[in-house]
């Protein structure tokens, strides 16, 4: 697949990633969860792909836009859940950028640390906006362990997609 | 194609370090959490971030949080507590059931209710939310 004008390729690709992230975000909202606050974070796949394909700023844009648009579709815009998603999403991108910039880690560690930052961001905002109770921090170890599993899962599928994209677009 | 993206590193030795760290930290954290030794713990009920009630869990009874209409109903049995009735949307706090350990809590996000257990001699918070509910 190639677009006629290369000038618009980046916009088209990022739009496709936002759409992918949004669909996964909406899809995941309807998956029953064994524990309510634990999500796989499938939508983070779009952010991870954007990070490796077009860099940190694009990853941040994809993350913010897919959360904004996804929450509008799911009907959680400006609810506490929206702010938790947004803070988690931004924190995850920042964590992944730090890891990538360190030039010491592969996509596996980048994804897992993204999941850990996502949890940390959510807990921090959950503490500030919702609960005002330090016991919420006790959720963090469970979320870290869960993030290890989900981060590895996300890294695997992102890697498969990135390998295909790399062949197709030679980046 | 001149691309500002990042080179894909499939695997680097640093990944193992991160994985081990993320396994070690939670396991250490969880293995060092305090345990209840008293047979009669106290349930702390926080509403909107403020500690409103400290309920000794020594006998079977119902407790009504009359801040709402209809009130949120707590069921207390010796050593454990649950939310019996709450009209929040998802009812997850109700489905959480009884909690009887200091690391468990019941949290209702819509009404900003946190219930956790502490030992009578505990002077600080040592418990963790078991479930955050919507």
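Quick note: the coordinates plus some simple rules give every number you see, no bench work behind them. It should be emphasised that the depicted structure is a prediction, and the values quoted were computed from it without experimental measurement. All Cβ positions, even for glycine, are placed from backbone atoms using ideal geometry, and neighbour counts span all protein chains on display.
Details
- Relative contact order of the stretch A:109-171, pairs being alpha-carbon contacts under 8 Å that are 6 or more residues apart, as %: 46 percent
- Cα long-axis angle, helix A:44-54 against chain A (0 to 90 degrees, to the nearest 10): 40 degrees
- Principal-axis analysis of the Cα atoms of chain A puts helix A:140-169 at an angle of about 10° to the longest axis.
- Highest-MSF residue in chain A out of A:113, A:93, A:125 [GNM, Cα springs under 10 Å]: A:125
- Angle in degrees between helix A:80-102 and the longest Cα principal axis of chain A, rounded to the nearest 10: 60 degrees
- Fluctuation leader among A:105, A:157, A:25 - chain A, Gaussian network, Cα springs under 10 angstrom: A:105
- Cβ-based exposure ranking for B:46, B:67, B:75, in which fewest neighbours within 10 Å come first: B:67, B:75, B:46
- Using the rule -39500 (n - 2.57) for each DSSP H run of four or more residues, divided by the residues of chain A, the 222 nm mean residue ellipticity is -25000 deg cm²/dmol.
- The translational diffusion coefficient of chain A, from Stokes-Einstein at 37 °C and 0.692 mPa s with a Kirkwood hydrodynamic radius over alpha carbon pairs, comes to 202 µm²/s.
- The Rg/Rh ratio for the stretch A:112-154 is 1.03, where Rg is the radius of gyration of the alpha carbons and Rh is the Kirkwood radius.
- Among A:139, A:84, A:61: highest mean-square fluctuation, GNM of chain A, C-alpha pairs under 10 Å: A:139
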